[in-house]
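Novice: Sharing a structure here in structure tokens format.
The values are calculated or read from the model by the stated rules, or taken from the named source; none is laboratory data. These figures come from a predicted structure and were not determined experimentally. Positions of Cβ are generated from backbone atoms using ideal geometry, with glycine treated the same way; all protein chains shown enter the neighbour counts. All accessible areas refer to the heavy atoms of the entire protein, side chains included, with ligands and DNA or RNA removed. Shrake-Rupley method; radii C 1.70, N 1.55, O 1.52, S 1.80 Å.
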Amino acid sequence: MIAQVRPQDLAQWLQSVRPFGEPVVLDVREPGELQTASVTANGFTLLTIPMGTIPPRLAELDPQQPIACLCHHGGRSMQVAHFLQSRGFEHVANIAGGINAWSAELDPSIPRY
């Protein structure tokens, strides 16, 4: 089962998984979306790999490292989270509501689109 973590609860999730390694927020949106709205790494490492390129770039990710997946509303990131889990990644979460919820719950300076 993939953990669903609201942006407002992300700091708590990051703290809970830190014993397993430096947490990563994996933004799986497309480059144009990243130009429109992006998060700033704070208490985690931020990686941006578009969803469609995850399979050929899987070796760039550490299966032992905690990873929270992020997209626009949470659908694509949930697919990536399931994919990672099926490949042996143990500490995977989906950021429920995506960057849209991040803007609403944590940082209203992030544009909503």
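Novice: Six or more apart or on different chains, Cβ under 8 Å: which pairs go from a residue in the range 56-70 that's among the acidic types (Asp, Glu) to one that's surrounded by fewer than 19 Cβ atoms within 10 Å (Cβ to Cβ) and not in a loop (DSSP other than H, G, I, E, B)? Could you list them?
Specialist: Partner pairs satisfying both residue conditions: Glu60/Leu47.
Novice: I'd like to check something: does the range 62-75 contain any residue that is open to solvent by less than 40 Å² (accessible area, probe 1.4 Å), more than 10 Å from the chain's Cα centre (by Cα) and hydrophobic (A, V, I, L, M, F, W, C)?
Specialist: no
Novice: Evaluate the range 66-77: report whether one residue or more is of a type in the set (D, E, K, R), within 16 Å of Val5 (Cβ to Cβ) and touching a strand residue (DSSP E or B) at 6+ places or on another chain (Cβ under 6 Å).
Specialist: No, that holds for no residue.
Novice: Do we have Gly88 as touching a Leu at 6+ places or on another chain (Cβ under 6 Å), more than 21 Å from Tyr113 (Cβ to Cβ) and in a loop (DSSP other than H, G, I, E, B) here?
Specialist: It is false that Gly88 is touching a Leu at 6+ places or on another chain (Cβ under 6 Å), more than 21 Å from Tyr113 (Cβ to Cβ) and in a loop (DSSP other than H, G, I, E, B).
Novice: Only one residue in Ala81, Ala59 is among the hydrophobic types (A, V, I, L, M, F, W, C), in a helix (DSSP H, G or I) and over 16 Å from Val5 (Cβ atoms), so which one is that?
Specialist: Residue meeting the stated conditions: Ala59.
Novice: Moving on to the next point. Look at Arg87 and say whether it is surrounded by fewer than 18 Cβ atoms within 10 Å (Cβ to Cβ) and either of a type outside the set (S, T, N, Q) or touching a residue at least 40 places away in the same chain (Cβ under 8 Å) (or both).
Specialist: So Arg87 fits the description; yes.
Novice: Under 8 Å by Cβ, and 6 or more places apart or on different chains, what pairs join a residue from the range 25-51 that is touching a residue at least 60 places away in the same chain (Cβ under 8 Å) with one that is of a type in the set (Phe, Trp, Tyr) and assigned to a helix (DSSP H, G or I)?
Specialist: Val39/Trp102
Novice: Restricting attention to the range 8-24, which residues are of a type in the set (A, V, I, L, M, F, W, C) and without any contact (Cβ under 8 Å) to a residue 60 or more places away in the chain?
Specialist: Listed by number, the residues that qualify are Ala11, Leu14, Val24.
Novice: Shifting gears a bit: Can you tell me which residue is nearest to Arg57 (Cα to Cα) among those in the range 1-30 that are open to solvent by 70 Å² or more (accessible area, probe 1.4 Å) and among the acidic types (Asp, Glu)?
Specialist: This residue is Glu30.
Novice: So which residues in the range 102-113 are surrounded by fewer than 19 Cβ atoms within 10 Å (Cβ to Cβ), more than 16 Å from Trp13 (Cα to Cα) and not charged (D, E, K, R)?
Specialist: Passing the criteria: Ala104, Pro108, Ser109, Ile110, Pro111, Tyr113.
Novice: When you scan the range 34-56, how many residues do you find that are touching a Ser or Thr at 6+ places or on another chain (Cβ under 9 Å), outside any loop (DSSP other than H, G, I, E, B) and among the hydroxyl-bearing types (Ser, Thr, Tyr)?
Specialist: Qualifying residue count for the region: 1.
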